[in-house]
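Report on one structure; see the data block that follows.
The values are calculated or read from the model by the stated rules, or taken from the named source; none is laboratory data. If you're wondering where the values come from, they're calculated on a predicted model, not measured in any experiment. Ideal geometry is used to build each Cβ from the backbone, glycine not excepted, and the neighbour counts take in all protein chains shown. SASA here: full protein model, heavy atoms, side chains in, ligands and nucleic acids out. Shrake-Rupley method; radii C 1.70, N 1.55, O 1.52, S 1.80 Å.
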Amino acid sequence: MIATTPVIVFSSCTDACRHVAAEISQLIRERETLGLPTVLGLATGGTPIPLYQELIRLHREEGLSFRNVTTFNLDEYLGLDRDHPESYWSFMHRNLFDHVDILPSNVHLPSGIVSPSEIPAHCQAYEDAIASAGGIDFQILGIGRTGHIGFNEPGTPADARTQKIHLDPITRQDAAPSFGGLDKVPTEAITMGCGTILDARRIALLAWGDKKASIVKAALEGPITNEVSASFLRNHPNATFILDAEAASSLSQ
Ligand code: F6R
């Protein structure tokens, strides 16, 4: 099947991130002019780091303010408290929040230390917080080598909401170097579900490098299946794949 989802290929991830940051910046400024907040869905991992660097540059050099921005991150590892250097709370503060003027009360991530009995209520509260913020205006995604978006590993249904999941062995292997060993990588996480993600009004999936080429091809040209969560994006009316040349290198068109 040939993808109908828009795909934009850039010669470098720096150029790609400039493009995405410009779209986000325009959205924030337009909504601010109308007196409206902007709700961003954010990802962690290596992929969005150059995007966050460009957003920080826009804040410092071009006056882009995040005072009117609310954020919801996709996921958090279970078992890590906020201060753990590999928690996504730490990641987001290190790579974005500490460098812009976002209000701490507008930052949301699932908790990594919620007790097992409280997880369903915690996940429902996350869904409720997204809904009461007005839903996600712009969702940033990376893609895992398992095809996951958020941590929706193979087998997760398209309508899943925020929930606890077991991390796929491939995902844990990919995380092992930053944790200093596979045995230190958590086995579970809380993630927005595919259904939560697909409710966003605009979605940009970013992928760089040849390591992502085969899963990007599967997501865009293979069947739409819960074996590759990113393939569900082809059913979204306003999702775009933003790729560098290497990540796009296996696509047939
Ligand atoms: C991160 C997330 C994951 C990553 C994906 C790609 O919050 O939910 O889906 O986007 O695992 O990770 P990197 O960018 O490190 O290749």
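For the chain, the fraction of 1.4 Å probe accessible surface lying on carbon and sulfur atoms is 53 percent.
Around Leu141, what is the net charge, scoring Lys/Arg as +1 and Asp/Glu as -1 over all other residues with Cβ under 15 Å from its Cβ? Don't skip to the answer; put the middle values down first.
Working: positive: Arg145, Arg201, Arg202, Lys212, Arg234; negative: Glu23, Asp75, Asp137, Glu153, Asp199.
Value of the local net charge: 0.
Annotation: aspartates and glutamates with alpha-carbon distance below 17 angstrom to Lys164 (same-chain offsets under eight excluded): Asp75, Glu76, Asp81, Glu118, Glu127, Asp128, Glu153, Glu188.
Order of 5-11, 110-116, 141-147, 54-60 by packing, highest average Cβ count within 10 Å first?
Numbers: 5-11: 14.7, 110-116: 16.3, 141-147: 22.4, 54-60: 18.0.
Per-residue Cβ counts within 10 Å, averaged per peptide and sorted highest first, yield 141-147, 54-60, 110-116, 5-11.
Send over a whole-number figure in Å² for the accessible area per residue of the chain, probe 1.4 Å. Before the final figure, lay out each step's value.
Details: 10910 Å² over 253 residues.
Result: 43 Å² per residue.
The accessible-area ordering, largest first, of the residues Glu153, Glu30, Glu188 stands as Glu30, Glu188, Glu153, per a 1.4 angstrom probe.
Please compute the net charge surrounding Ala21, taking Lys and Arg as +1 and Asp and Glu as -1 over other residues with Cβ under 9 Å from its Cβ. Once all neighbours under 9 Å are counted, the net charge is 0.
Going by accessible area, probe 1.4 Å, with all protein chains left in place, what is the ranking of His108, His166, largest first?
Values: His108 50, His166 125 Å².
Descending accessible area places them as His166, His108.
All other residues with a Cβ under 13 Å from the Cβ of Ala219 taken together, and with Lys, Arg as +1 and Asp, Glu as -1, what is their net charge? Its environment carries a net charge of +2.
Grab the DSSP H runs of the chain that are 4 residues or longer, score each as -39,500 (n - 2.57), total them, divide by all residues and round the 222 nm result to the nearest 500 deg cm²/dmol. Provide the component values of the computation, followed by the final result.
Details: 7 runs with 82 residues, N = 253.
One gets -10000 deg cm²/dmol as the mean residue ellipticity at 222 nm.
Across segment 42-169, the mean sequence separation of Cα contacts (distance under 8 Å, 6 or more residues apart), normalised by length, yields a relative contact order of 27 percent.
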